[in-house]
Every structure is written in structure tokens, then in C-alpha cells.
Amino acid sequence: MNYAIIAAGDGSRLVKEGVGSPKPLVCLNGERMIDRLIRIFCANNAQSISIIVNEKMAEVSEYLKNKSFPVKVNLIVKSTPSSMHSFYELSKILPNSKFCLTTVDTIFKESEFSRYISEFEKDNISDGLFAVTDYIEDESPLYVDTNQDMKITDFKDKIFDSAKFISGGIYCLNSKSFEVLEDAINSNQSRMRNFQRALIHNNFNIKAYLFSKIIDVDHASDIAVAEEFIKTDVC
């Protein structure tokens, strides 16, 4: 499995709230968020890990350049206007095979993630498997509509009557999705959720995989919440 990490945001909210480290280098229970992801990926059959960091985060790019890893790590240092544009840059170096993409501040249970990756690795029918959760604490959640077989039928910005899940920000896909991504870029789309909608509109078979809880570290207060959540993980 190939993995990709979007670590190109500026973490402005954390900075304003007094967090001194750039977001990828923030520690959770003594482990930097970027290191935690890399460790988890390596434990789940990582063949390569591709990471994008913005140009303003020299501390992060230097940290990664000076660190040794058990698998090949490809680093892009480039500022982009959105996470979708960051994904586009990563798509240029990702192998033409299955991959898993996430943002650096997405916190999940390692045990659930391992089952998720295993499910996608053995799936030869679906075009993708997206993490969803019914734990809704996001400031602007993307609601996910599914059928009874957990096939995703739509992504919606606003809650609807039968809403059960929101996007968890972890995406397993195959390289077939790169064509849809390029079309989204060329049509001046600017949000990851618009790319996700485009996949459905282009008849991609995307399934949802339920995680009990996924936390985004956007605020200083989220750090303690994430640390306590990680401690509850049982393999």
C-alpha cells in the first residue's frame, strides 16, 4: 500500500492559541503527529509515503529531510491554495496503484485503521473506500449519504433527515481517480469535498467504512482530547 499525507496547512488557529510547534510537529503523548502517521503506515504494509509540506514550514521540511525512515518517503515542499491542490501535487508522484491519503491532523484508532486498510487491500471491486464516522464534532462537517450496502451516493454540506455519517478525512483510492482530480483542478474547483462529489458524479464505486471516532486537531484544546482518545485504543 502507498500512503500520502497532506501537511501543507499553516495551522493558523493553533498558532493564535499559543501552540509553538507547527501542526505536523505537535506532540500527542510524546509522539509528533507526522511521526505517528508514518509509524502507523509502516505497520500497515507501506511501500512508500508521500508528504506535502508548505514552503513556510521550513522547520517541518528540515525535520523530515534529516530523519531516516524504514520505507521510501517522498517530500514535496510547496504552498497550495487548498487540500485538493495539495492532493493534486501528490498525485504527480504517487504510483499508479492503490493508495491511502489523509491530512496530518487526522487522529484515529490504530486498530480500526488496520482493519480499514486490510478491507481495501482485499477489495477488488470498489474504486475507493472512505472513512466515515457518526461522531460529529467538526466545525463544518461534510455529511455522507450511503445506501444500505454502504455505497456512497452523495456528499452534502448540510445535515439532512437520514444523515448518519460525516467524512472522516481518510481516503483509500486507486489511481483511476487522478483523472477526476485533474478535471476538478482544470475546472477551478477549490475544495476536497468538490473532488469527492465529482467521483460520485463520474460513477465511481466508493464505499464508506465506519470508524467509531475521528478527531481533527484544529485547536489547542483538541490536543488533550486527542491524547485521551489515543489512550483508549486497543488492538
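Any idea what the relative contact order of the chain is, in percent, if you count C-alpha pairs under 8 Å spaced at least 6 apart? Provide the component values of the computation, followed by the final result.
Values: 415 pairs, mean separation 58.8, N = 235.
Answer for the chain is 25 percent.
Go ahead and set up a Gaussian network model of the chain, Cα springs under 10 Å, then flag whichever of Ser177, Ser68, Ser91 fluctuates most.
Ser68
With every protein chain present, what is the per residue accessible area of the stretch 130-205 (1.4 Å probe, Å²)?
On a per-residue basis, 53 Å².
Would you mind telling me the share, in percent, of accessible area of the stretch 25-111 contributed by carbon and sulfur at probe 1.4 angstrom?
46 percent
Would you mind getting the accessible area per residue of the stretch 53-104, heavy atoms of the protein chains only, 1.4 Å probe, in Å²?
Heavy-atom accessible area per residue stands at 51 Å².
Can you check what the net charge comes to around Glu31, using other residues whose Cβ is under 11 Å from the Cβ of Glu31 (Lys, Arg +1; Asp, Glu -1)?
+1
When the helices in the chain are scored as -39500 (n - 2.57) per DSSP H run of 4 or longer and the sum is shared across all residues, what 222 nm value do you end up with, to the nearest 500 deg cm²/dmol?
Dividing the helical sum by the residues of the chain leaves -9500 deg cm²/dmol.
Using alpha-carbon pairs under 8 Å, 6+ residues apart, how would you state the relative contact order of the stretch 122-234 in percent?
Numbers: 157 pairs, mean separation 41.3, N = 113.
The value is 37 percent.
Out of Ile214, Leu75, Asn29, whose Cα points farthest toward the positive end of the dipole of the chain (charges: +1 Lys, Arg; -1 Asp, Glu; placed on Cβ)?
Leu75
For Cα pairs less than 8 Å apart in space and 6+ apart in sequence, what is the mean separation divided by the residue count of the stretch 78-183, i.e. the relative contact order in percent?
On the way: 116 pairs, mean separation 39.2, N = 106.
The normalised contact order for the stretch 78-183 reaches 37 percent.
Roughly how many percent of the accessible protein surface of the stretch 151-225 is carbon and sulfur, given a 1.4 Å probe and a whole-percent answer?
Numbers: 1600 of 3660 Å².
C and S fraction of accessible area: 44 percent.
What share of the DSSP beta bridges in the chain is antiparallel, in percent to the nearest 5?
45 percent
Apply the Debye scattering formula to the stretch 3-133, with a single equal point scatterer on each alpha-carbon and no solvent, then give log10 I(q)/I(0) at q = 0.14, 0.15 Å⁻¹.
Summing over Cα pairs of the stretch 3-133 leads to -0.63, -0.73.
The values are calculated or read from the model by the stated rules, or taken from the named source; none is laboratory data. What you are looking at is a predicted structure, and each value in this text was computed from that prediction instead of being measured. Neighbour counts are summed over all protein chains in view; Cβ atoms, including those assigned to glycine, are modelled from backbone coordinates with ideal geometry. Keep in mind that these areas ignore ligands, DNA and RNA; they rest on the heavy atoms of the full protein, side chains included. Shrake-Rupley method; radii C 1.70, N 1.55, O 1.52, S 1.80 Å.
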